[in-house]
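Working notes for the structure below.
The values are calculated or read from the model by the stated rules, or taken from the named source; none is laboratory data. These figures come from a predicted structure and were not determined experimentally. Positions of Cβ are generated from backbone atoms using ideal geometry, with glycine treated the same way; all protein chains shown enter the neighbour counts. Remember, those area values only see protein heavy atoms, side chains included, never the ligands or the DNA or RNA. Shrake-Rupley method; radii C 1.70, N 1.55, O 1.52, S 1.80 Å.
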Amino acid sequence: MTKKQSVSFSLGFIVLTTLLQTVLSVLPGYLYYQDNPQGPMILPYMLVYLLLCDFFQVFTRALYKKGRSLSLAIYAIKILASGALIYFVASQTAYQFVLIFIAYEIFQLLILSKHFFYIDSIMYSITNAIFKGLVFNQLLTISYPFNYDFKAMIPFIFAFFLILFITILTQGMYSFLSKQAWFLLLSVVCLITIYYLLYMQFSNSILPLWKFTSFIVANIIALFFFAKSKNSQKKELVLYLFGLVGLMVYYF
């Protein structure tokens, strides 16, 4: 009976974290997409694609912590499904989108390999935050045909740093090389950067006071429950919920 409950909880955790990671990846862009009528056209395909990728990423990290890797046969099925979804997105946008998604597939392939210890590297942190904080949100907001302006990433810099903060802390939980102290130090640096960014926007009257204070309150509550919890799964859920609240407060 105890074993069944444990399996049920693990499945619920996998599903919930997958959903939360996907929402975090597109929420800022979704709140901006009203200015781009073509954004909603690709949103359903992007959601399914990201749900698929995040689902496999959750499994891959769990296996990595144990020194194992996902079966290549199973991953091949994921590649085929990803290819179909990428085709649907690209058929309604531009070929450049295919290149972006191929780059993301390469990123996931590096996660799959246990030989590079990629999940224990700072490059994993930065790359994951770039895709989920900057790239996917911009795909919902840029105009077609593909005419990119680097200024388009400015609204999503906050999302980048917040997802980077969450990524670094979760890396410590899945570290195979036991680099928890290193990731904790990096997370503090990242959090200081976030507050510096918010303070500069507040002092320049870009960010309202209620948003600034609301983020601080949400951050204090999240850190309290994160430190209090002894369960790594609960810690991770606290981080994702904090990220969700932080993005909604900032971009709503």
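Miscellaneous remarks
- Scanning the range 42-92 for residues that are of a type in the set (D, E, K, R) and either in contact with a Gly (Cβ under 8 Å, 6 or more places away or on another chain) or crowded, with 17+ Cβ neighbours inside 10 Å (or both) yields a total of 3.
- Selection from the range 58-99 of residues that are within 25 Å of Phe117 (Cα to Cα), part of a helix (DSSP H, G or I) and among the hydroxyl-bearing types (Ser, Thr, Tyr): Thr60, Tyr64, Tyr75, Ser82
- Met173 aliphatic (A, V, I, L, M) and free of Cβ contacts under 8 Å to residues at least 40 places away in the same chain: no
- Residues that are small (Gly, Ala, Ser), free of Cβ contacts under 8 Å to residues at least 24 places away in the same chain and at negative phi within the range 204-252 comprise Ala222, Ala227, Ser229, listed in sequence order.
- Criterion violated by Asn219 - all others in (1) of a type outside the set (A, V, I, L, M); (2) more than 16 Å from the chain's Cα centre (by Cα); (3) farther than 25 Å from Leu43 by Cβ; (4) open to solvent by 10 Å² or more (accessible area, probe 1.4 Å) satisfied: (4)
- Of all the residues in the range 100-130, those that are part of a helix (DSSP H, G or I), among the aromatic types (Phe, Trp, Tyr) and touching a residue at least 40 places away in the same chain (Cβ under 8 Å) number 3.
- When Ala76, Ala94, Ala90 are checked against the criterion of being under 20 Å from Tyr30 (Cα atoms), of a type in the set (A, V, I, L, M, F, W, C) and without any contact (Cβ under 8 Å) to a residue 12 or more places away in the chain, a single residue qualifies: Ala90.
- Long-range neighbours under 9 Å by Cβ, at least six apart or interchain, first residue under 16 Å from Tyr250 (Cβ atoms) and touching a residue at least 40 places away in the same chain (Cβ under 8 Å) within the range 180-203, second assigned to a helix (DSSP H, G or I) and hydrophobic (A, V, I, L, M, F, W, C): Leu197/Ile157; Leu197/Phe158; Leu197/Phe161; Leu198/Phe158; Leu198/Phe212; Leu198/Phe215; Leu198/Ile216
- Residues that are modelled with pLDDT under 75 and more than 26 Å from Leu80 (Cα to Cα) within the range 30-49 comprise Tyr33, Gln34, Asp35, Asn36, Pro37, listed in sequence order.
- Tyr124 being open to solvent by less than 30 Å² (accessible area, probe 1.4 Å), modelled with pLDDT of 90 or more and in contact with a Cys (Cβ under 8 Å, 6 or more places away or on another chain): no
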